[in-house]
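FYI, it's all coordinate maths here, none of it is from the lab. Small disclaimer: the values here were computed from a predicted structure and weren't measured. Cβ placement follows ideal geometry from the backbone for every residue including glycine, while neighbour counts extend to all protein chains displayed.
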Amino acid sequence: MAKNKDAEVSMDDVDAIGSDPRVYELGFHLDPELPSEEVKKAYQAVRGMIADAGTVVAEGEPHKIQLAYTISRQEVGGRRDFDSAHFSWIAYETTPDKHAEVIAAAGANKQIIRFIDLITTKDAARHAVEMQEIALTMPEQIEEEPDAPAAGAELDAVLEKVTL
């Protein structure tokens, strides 16, 4: 079972949970070199496997991101470094034994370069979807270069008026 410093779960905790369904979230990075159609297929394969194991509560479809740091993985042909990936997540409800199957399948999937598994709640998963929808409606902010002459002239004019 994957560990998160904020929500560390041991096998003893799983035994204490018993066979009651819980809500989990699987966040994963797909290989950035996959063509867009293959990314969709890989995501649908993971989603289908999770749906077979339980009930999908919420999800975030893959989108390409720049990674905060390089992820290295040893492969048959040697070491491979990743600076970007297609990130996705799926929150789902299932029993601990089916959850273990999901984690084993994610670990065996060669298209997934890294994943994290967390225990969450339905409300938290639905809130993440709401926040994602809000972020999509926000206009993209365009950063101006700080050395742009027009911006500098405007700033000088404003400062001149303030100091008078």
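Backbone geometry of region 29-43 corresponds, through the Karplus equation with coefficients 6.51, -1.76 and 1.60 at θ = phi - 60°, to 3J(HN,Hα) couplings of 9, 9, 3, x, 8, 5, x, 4, 5, 5, 4, 4, 5, 5, 4 Hz, x marking Gly and Pro.
Using R0 = 25 Å, the C-beta based FRET efficiency linking Asn109 and Glu133 works out to 0.35.
Computed 3J(HN,Hα) for region 97-114, one whole-Hz value per residue from the Karplus formula 6.51 cos²θ - 1.76 cosθ + 1.60 where θ = phi - 60°, is 5, 5, 4, 4, 5, 4, 5, 4, 5, 5, x, 8, 6, 6, 7, 8, 8, 6, glycine and proline marked x.
Rounded to whole numbers, the Karplus 3J(HN,Hα) couplings from phi for region 69-77 are 8, 6, 9, 10, 9, 7, 10, 4, x Hz, using 6.51 cos²θ - 1.76 cosθ + 1.60 with θ = phi - 60°, and x at Gly and Pro.
What separates the Cα centres of region 117-137 and region 24-53 is a distance of 18 Å. Amide H to amide H distances under 5 Å link Ser84 with Leu67, where only residues 5 or more positions off or on other chains count and H is placed in the peptide plane. Cβ crowding within 10 Å ranks Leu118, Leu30, Leu67, Leu159 as Leu159, Leu67, Leu118, Leu30, fewest other Cβ atoms first.
Around the amide H of Val57, modelled in the peptide plane, lie the amide H atoms of Ala91, Tyr92, Glu93, all under 5 Å away and 5 or more residues distant in sequence or on another chain. Compute the Cα gyration tensor for region 11-163, then decide on rounded, prolate or oblate, letting a ≥ b ≥ c be the square roots of its eigenvalues: rounded whenever a/c is under 1.5, prolate when a/b is larger than b/c in the other cases, and oblate in all that remain. Since a/c reaches 1.5 and a/b is larger than b/c, the shape of region 11-163 is classed as prolate.
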